[in-house]
1. What are the extents of the Cα atoms of segment 96-175 along their three principal axes, listed from largest to smallest and rounded to whole Å?
2. May I have the extent of the alpha carbons of segment 240-285 along their three principal axes, as whole Å values ordered from largest to smallest?
3. With label points built 7 Å along Cα→Cβ from the Cα atoms of Asn240 and Lys299, find their separation and express it in nm.
4. Label 7 Å along Cα→Cβ of Asp264; segment 211-236 residues with amide nitrogen under 19 Å?
5. Using bins 10 angstrom wide from zero, how does P(r) for segment 95-241 break down, in % of all Cα pairs?
6. So how much slack lies between Lys281 and Lys113, counting 0.36 nm per residue of separation and subtracting their Cα-Cα distance, in nm?
7. Which of Lys113/Lys196; Lys299/Lys331; Lys119/Lys324 have a Cα-Cα distance over 23 Å?
8. How would you rank 216-224, 299-307, 246-254, highest first, on the average number of other Cβ atoms within 10 Å across their residues?
Amino acid sequence: MSFEHAPTREPENGPDPEWAESASEWDDTAEPDPAAPRAGRHVHLPAHKMRWGLLAVAVGAVVAAIVTLSISGFRSSHGLEARDPGGGGPAGRNNSVFGTANSGDCLSWTNAKTLDLAKVNCADKHLFEVTADVDLSDYPGREFGPGTRFPDSLRFAELRDEHCVTAAQAYLGGRLDPRGRFVVGMINPGEPAWNKGDRTVRCGLQLVSATGNATQQSVGRVRDSDQSRIFDAGTCIGINQNLPTNEPVDCADPHAYEVMSTVDLGQQFSSGTPGNADQDKYMQDQCSHVADSYLGGPKALINKTLTIFWDNIDARSWLVGSHKLNCLVGKGTRDGFSSITGTAKGNIMIDGQAPVPPPSTGRSTPAPLPGAAPPVR
């Protein structure tokens, strides 16, 4: 069985109104790149520079990108080979996990190629939470009638957007964060089952990487979870072609950035959605403070030539309860991110080279004016 996802949307050129005020940066580097934002001041990064840089952190365009990237279903020339946790062999369609999965069930699998589905307790790690089952044969028209052709991945992506987004909103009582860490997915019955007349698809919620891989496990039901797009402190996020993958990796492996801490803006702002300027001011203080302790001293950020990043929360996310942001550390480039190996707490390599601290000559003393008294020694 093959594992398919909807095609990746390519980055767009030019300004993006949602992104232009979305990603923020604090750079303490003493000798900045002339083409980069000025050092030592808080700035909004231009959309063309960081549009795909913070893809993993819930910036404005993430929703559209991830919805497109999230899996549109699983298809195979062999169909689903689901196994019942209590059974011993490949399950048939009538008694397979796929066939008995209902709204609220949580599913997992060990092999994306065979999709050996198993129902698990939602309190345990899982990959997919079912929100609804949709029988496409109930809809008018000939497209899903007897003998019709099995849809391709693009059509399944359209069906997911048509039916599963609405199902997710209904399942969560209208509280799906469009920029949150959970995305809408779909599992289809497989081509052999389709050819036998099965037109049922399972809608669900899941964590998906920027490359569309459904490999990240979640714990607990989505309705009981904080949907903020955050990772635990110490997590390193992988990199691929200068862009984050949204998947945690060992910090010894190449990565785009590292998570230093999580900040709950709800503890600071209690009345309505705070504006971006207020969020930035608070995050600047929080992230700058944690950087000193996380990296090993007040000069560590400068000496390692790294940059602090964070995101903003918009009203849509705030209203459904997503109030948390990560303080991130990495090194941005014009095309995304530099590749870092090693944890930022210790020795690192940036694009294969050890970072070179900027020169530190100390504060210069101007020459005394004529007739001035000599300095006291």
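The values are calculated or read from the model by the stated rules, or taken from the named source; none is laboratory data. For clarity, every value in this text was computed on a predicted model and none was experimentally measured. Cβ coordinates were reconstructed from backbone atoms using ideal geometry, including for glycine residues, and neighbour counts include every protein chain displayed. For accessibility, only protein heavy atoms count, side chains too; no ligands or nucleic acids. Shrake-Rupley method; radii C 1.70, N 1.55, O 1.52, S 1.80 Å.
1. So the three principal-axis extents are 41, 34, 22 Å.
2. The principal-axis extents, from largest down, are 41, 18, 17 Å.
3. So the two model labels end up 4.0 nm from each other.
4. 219-234
5. 10, 40, 34, 13, 2, 0
6. Length gained, Lys281 through Lys113: 55.8 nm.
7. Pairs exceeding the cut-off: Lys119/Lys324.
8. In decreasing order of mean packing, 216-224, 299-307, 246-254 become 299-307, 246-254, 216-224.
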